[in-house]
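What follows is a short report on a single structure.
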Amino acid sequence: MISAEEAQLLLHQGKVADAERAFAAILEREPDNTQALNVLALRALRTQDLETALSHIEHALRMDAGSPVTLYNRGRILEAAERYVEAAASQRAALKLAPNLHAARLYLGRALELAGQPHHAIVAYARALENAQRDGRWLNQSTTPPAFQRIIEHAVRQVRLGRRAAIEELLRPLVAQFGHASMTRIDKSVRGYLNEEAGTVADPRQRSTFLHFPDIPANPYLDLKLFPWIDSLEAKTGEIREELLSLLPSGAGREPVFGNAALEAEHLRGLDHAPSWNGYYFYRHGERRTENCDRCPRTVAALDALPLCKVREHGPEVLFSVFTPGTHLLPHRGVTNTRVVAHLPLMVPDDCALVVGGEVHRWQEGKIVVFDDTYEHEAWNRGTKTRVVLIFDLWSPYLSETERSALAVLIGNIGDFRHEVEVSD
C-alpha cells in the first residue's frame, strides 16, 4: 500500500502516470485526501474532463479552504471551463494566502486577458515576471520549468506589446505636432527600455539604472559652456548662502535624504561618528516644498530661472544637501542620462570631494559643477565641519525641447505603470 509521500515522490521523479495511479488508490481509501484530490483534478483537466476536475477540486477546497495550491489549481480548471472571471478570483484568493506563488499571478494575468481586461492582464503578467525573477526564477530556460515556458514567453510578449501601445498613444499628440523625425531618439530609447533592441553606450563607465537615452555625448563631468546661466547663478552665491545660514540653526524643514534606516545603512558610512545626509528640499520627487521655498525666496527665484528637469512625481530633486563631518556616500548610480545633476557649493570644509566615473572633483565654494550621475559616483566629507551644497536636477543640455516634453510624458507614464505593478493584488 503506497503512501501519499511515496506517491508525491513519484511525481517529483516525473513518473506522472504511476503517481496518478497511486493517488487514485489513496483516494479510494481516503476520500477526503486533498493532495489526491488535487492530483486527480489535474489529471482530469489534462484529459479535458472538466466536470470531474471541478468536482475533485471543489471537494478539496471544502476540506481545506485555506490551501493556496488548491485555489491555484481551481483557477486553472475554471479557466479551462471558460469561466474567466471566477478563475481570476480564485487566483487572487491564492495570492492573498501565498503572495509569492508566482504561477498563480501568471495565470491571473491569463484569466484577465481571456476575460477581456488587457491592461489588468499586463499588470499581472509584469508583476509575476518581476517577482519570480527577483527570486532567481524564470530568468532563462534553465530556471524555467518546461510546463511554464510557453505561457511565460506569452506574458513577456504581452507586456512588451501592451507597453509599446500605451507609450505610442501617449506620444501621438507630440508626433502629430512635431513630426516623426523629432521623435527618432525617443523611439530608440523606448526600444531599449522595452528590450526590443540592445542599447549602446559611448562610455562603458556609464550605465543608467532605469532609462538610457541614445546618441548623446557621454562624459562624467559636463562642460560648463553648455550652460549659459552658470555665471549668473554663481554670482548669487552670497545671497543664497545667507538664506541657507538662516535655516541651519533650526532643524525645521530638514529631512533625511534616505527614507529609512536600512537605506542609510546601505549607502552611508561614517568616520568617527554616525553618518548623516539631510536636506532642506525645495523640490522632492517633483513636489514643491512650499515652506522651504517661502523661507528662501531669492534662492527659489534663481532656481526657477533654470531648465530644471520637471517630471510629474519624479523630478526635480532640489535641496540644500547637508553632510555632517565624517559622512561618506558610497558609490552608486543614477536612473537616467536624460538629466544631469548640478552642485553649487556653499559651505566646503577641507578634505571634501565628489568622485564621478573615477575622476575626483574638489568642490570650491561658489563654483558650480555639473555631472552625469549614471556614472558610478560617490562623495565624502572627511573634514571637521558641515558641508553644504545646493543640488539641482537639470535636463541634459543635449536634448531638444520636444524631446524634453516627450520624456516628461514618458517617464511619468512609466512611473505610473511601475506603481500600478507594485501595488497590484
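When the chain is treated as a Gaussian network with alpha carbon springs shorter than 10 Å, the biggest mean-square fluctuation among L263, L319, L211 belongs to L263.
Charge dipole (Cα centre; +1 on Lys/Arg Cβ, -1 on Asp/Glu Cβ; no other charges) of the stretch 208-350 amounts to roughly 220 debye. Protein heavy-atom accessible surface, 1.4 Å probe, per residue over the chain: 49 Å².
Which of rounded, prolate or oblate describes the chain when judged by the alpha-carbon gyration tensor and an a/c cut-off of 1.5? In terms of gyration-tensor shape, prolate. Averaging Cα coordinates gives a centre for the stretch 360-377 and one for the stretch 387-425; these two points are 21 Å apart.
May I ask which residue of S67, Q13, T200 lies farthest towards the positive end of the charge dipole of the chain, with charges of +1 (Lys, Arg) and -1 (Asp, Glu) on Cβ and the Cα centre as origin? Result: T200. Once the Kirkwood radius over Cα pairs is known for the stretch 66-112, the Stokes-Einstein relation at 10 °C and 1.306 mPa s delivers a diffusion coefficient of 164 µm²/s. For the stretch 80-96, backbone phi angles converted through the Karplus equation (6.51, -1.76, 1.60; θ = phi - 60°) give residue-by-residue couplings of 4, 7, 6, 9, 5, 5, 5, 4, 4, 4, 5, 5, 5, 5, 4, 5, 5 Hz, Gly and Pro being listed as x.
For the Cα atoms of the chain, what angle does the longest principal axis make with the long axis of helix 184-193, in degrees from 0 to 90, nearest 10? Helix 184-193 sits roughly 50 degrees off the main axis of the chain. Between the beta carbons of R46 and T144, assuming R0 = 25 Å, the FRET efficiency works out to 0.80 to the nearest 0.05. Could you tell me what percent of the accessible area of the chain is made up of carbon and sulfur, with a 1.4 Å probe and every protein chain present? Here it works out to 52 percent. S405 contributes an accessible area of around 60 Å² to the protein surface, as traced by a 1.4 Å probe with all chains present. One Cα centroid belongs to the stretch 271-349, the other to the stretch 85-120; the line between them spans 41 Å. Simple point charges give the picture: +1 on the Cβ of Lys and Arg, -1 on the Cβ of Asp and Glu, and for the chain a dipole about the Cα centre of about 300 debye.
Ordering H212, H314, H377 by accessible surface, largest first, gives H314, H212, H377; the 1.4 Å probe counts only protein heavy atoms, with every chain in place. As a calculated quantity, the FRET efficiency between D351 and E378 at R0 = 22 Å, using C-beta atoms, amounts to about 0.95. Just want the answer: with Cβ charges of +1 for Lys and Arg and -1 for Asp and Glu, which residue in T237, G251, F227 is farthest toward the dipole's positive end in the stretch 207-263? Farthest towards the positive pole: G251.
In loop segments of the stretch 81-183 as defined by DSSP, the GluC sites (Glu not before Pro) with at most 15 further C-beta atoms inside 10 Å of their C-beta are E82. If the chain linking E153 and S3 were pulled fully straight, counting 0.36 nm for each residue of separation and taking away their Cα-Cα distance, it would gain 50.3 nm. For K385, the lysines whose Cα comes closer than 29 Å to its Cα, not counting residues fewer than 8 places off in the same chain, are K236, K367.
If a spin label sat at a point 7 angstrom from the Cα of A274 along the line to its beta carbon, the backbone N atoms of the stretch 306-339 nearer than 19 Å would be those of 322-330.
In sequence order, the stretch 330-336 has phi-based couplings of 6, x, 7, 10, x, 8, 7 Hz under the Karplus curve 6.51 cos²θ - 1.76 cosθ + 1.60, θ = phi - 60°, and Gly or Pro positions carry x.
In deg cm²/dmol, rounded to 500, what helix-only [θ] at 222 nm does the chain give when every DSSP H run of at least 4 residues adds -39500 (n - 2.57) and the total is split over its residues?
-15500 deg cm²/dmol
Computing FRET efficiency as 1/(1 + (r/R0)^6) for V335 and N260, where r is the C-beta to C-beta distance and R0 is 25 Å, gives about 0.85.
The values are calculated or read from the model by the stated rules, or taken from the named source; none is laboratory data. Remember, it's a predicted structure, so these values are computed and weren't measured experimentally. Reconstructed Cβ throughout: ideal geometry from the backbone, glycine too, with neighbour counts over all protein chains shown. Protein only, heavy atoms only, side chains kept; ligands, DNA and RNA dropped before computing areas. Shrake-Rupley method; radii C 1.70, N 1.55, O 1.52, S 1.80 Å.
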